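Values in this text are rule-based calculations from the coordinates and carry no lab data. Everything numeric here is computed off the predicted structure, so don't read it as measured data. Quick reminder, even Gly has a Cβ in these numbers, built from the backbone with ideal geometry, and neighbours come from all protein chains shown.
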Amino acid sequence: MRKEIKCRKCETENVIIENKLFFSEDKKQHKVLCSVCKNQLSTEITDGWFFVQSKEQFLLEEKIEEQKQKIVYA
């Protein structure tokens, strides 16, 4: 799951990525916090965990990963 939420407190756009466990266990509620101000964005249920980062940082890392794919190794 990938979801975008804007923080009501600092107005940072956050990208939330759910990391599920390979072998599913009991699902629990987790507080999803803003990557900048730590304000609670939502409460989500998962058997894994959530990775939260600003949209700006997410797009930068996505661009870096794309560039890595273009590297030609001799």
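For the residues 72, 36, the requirement of being surrounded by 13 or more Cβ atoms within 10 Å (Cβ to Cβ), on the phi < 0 side of the Ramachandran plot and among the hydrophobic types (A, V, I, L, M, F, W, C) singles out 36. Considering the stretch 48-61, and only residues there that are in contact with a strand residue (DSSP E or B) (Cβ under 6 Å, 6 or more places away or on another chain) and not in a strand (DSSP E or B), the residue that is nearest to residue 10 (Cα to Cα) turns out to be 55.
When the stretch 42-69 is limited to residues that are among the basic types (Lys, Arg) and over 15 Å from residue 17 (Cβ atoms), the one that is surrounded by the most Cβ atoms within 10 Å (Cβ to Cβ) turns out to be 63. No other residue among 45, 64 is part of a helix (DSSP H, G or I), of a type in the set (A, V, I, L, M) and more than 13 Å from the chain's Cα centre (by Cα) apart from 64. The residue that is surrounded by the fewest Cβ atoms within 10 Å (Cβ to Cβ), counting only those in the stretch 2-31 that are farther than 13 Å from residue 42 by Cα and touching a residue at least 40 places away in the same chain (Cβ under 8 Å), is 13.
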